[in-house]
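Data first, discussion second: the structure below is written as structure tokens.
Read the figures in this text as sums done on the coordinates, not as results from a lab. Here the structure is a predicted model, which means the values were calculated and not measured. Neighbour counts are summed over all protein chains in view; Cβ atoms, including those assigned to glycine, are modelled from backbone coordinates with ideal geometry.
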Amino acid sequence: MSDHSKIIISACLAGEECRYDCHAKPNLQMIELVKSGKAISLCPEQLGGLSTPRPAAEIQSNEKVLTIDENDVSDEYALGAQEAWNQTKNFTIKKAYLKSKSPMCGFGQIYDGSFSGKLIKGNGVFAALLIRLGIEIESIE
Ligand code: SF4
């Protein structure tokens, strides 16, 4: 891997307390990858201007992202995904380790929009952008 090649890692997996509930989901392997300089950690929700803590949000059947108290945060999600990608512009990115089930980082499976814990097939907004860009994604619990 050259110096300019990096892996994207969801910041909450790298130990940052950036989730909606102010918690992290630390994963030792992810933390090590960031420490060693092989990976860059990003939280697209924060980069979209959303505060921490923030209300939980889920993608609805019409593809809008709504918070549990019914605010439409679709624009913040779109902006945050793009801004996260922009932050990697000096690197060659081929792979991303993304936090599972999140409406932003989830890959392959996300919550169904009913805030009842039900999962459906689908991708979070950032994961969908990376798929379009041809980046290999691995979902991490
Ligand atoms: Fe973690 Fe991604 Fe959600 Fe940020 S947007 S808290 S990195 S899952």
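Would you kindly state how much longer the chain becomes between GLN87 and LYS118 on full extension, computed as 0.36 nm times their sequence separation minus their alpha carbon distance, in nm to one decimal?
7.9 nm
Can you list the lysines whose alpha carbon is less than 19 Å from that of LYS89, not counting same-chain residues fewer than 8 positions off?
Cα-Cα hits under 19 Å: LYS6, LYS38.
Can you give the helix-only mean residue ellipticity at 222 nm for the chain, where every DSSP H stretch with n ≥ 4 adds -39500 (n - 2.57) and the sum goes over all residues, rounded to the nearest 500 deg cm²/dmol?
Rounded to the nearest 500, it is -6500 deg cm²/dmol.
Evaluate the Kirkwood expression for the hydrodynamic radius of the range 56-137, namely the inverse of the mean inverse distance over all pairs of different C-alpha atoms, and round to one decimal in Å.
12.9 Å
Taking the Cβ of each residue in ARG54, ARG132, ARG19 as the centre, tally the other Cβ atoms inside 10 Å and list the residues starting with the fewest.
Going from sparsest to densest Cβ surroundings: ARG132, ARG54, ARG19.
Going by amide H atoms built from the backbone, whose H comes under 5 Å of the H on MET104, apart from near neighbours?
VAL125
Using Cβ-Cβ distances only, list the Cys residues of the chain with no partner cysteine under 4.7 Å, sorted by number.
For the chain, the answer is CYS12, CYS22, CYS105, because their Cβ atoms have no other cysteine Cβ under 4.7 Å.
For a footprinting-style exposure proxy, rank PHE126, PHE115 by other Cβ within 10 Å, fewest first. Kindly include the intermediate steps, with their values, before the conclusion.
Working: PHE126 34, PHE115 13.
Ascending number of Cβ neighbours within 10 Å: PHE115, PHE126.
Averaging over all projection directions, find the projected area of the Cα convex hull of the chain and quote it in nm² with one decimal place.
That works out to 7.7 nm², a quarter of the Cα hull's surface.
What list of ³J(HN,Hα) values in whole Hz, one per residue of the range 32-45 in order, does the Karplus curve 6.51 cos²θ - 1.76 cosθ + 1.60 (θ = phi - 60°) give from phi, with Gly and Pro shown as x?
5, 4, 6, 4, 6, x, 7, 9, 10, 9, 9, 10, x, 5
Taking amide H atoms as placed 1.01 Å from N in the peptide plane, list the residues 5 or more away in sequence, or in a different chain, whose amide H sits under 5 Å from that of ILE7.
Correct list: ALA39, ILE40.
Over the range 5-140, what is the relative contact order in whole percent, taking alpha-carbon pairs under 8 Å and six or more residues apart? Could you put the intermediate results ahead of the total?
Working: 299 pairs, mean separation 31.3, N = 136.
23 percent.
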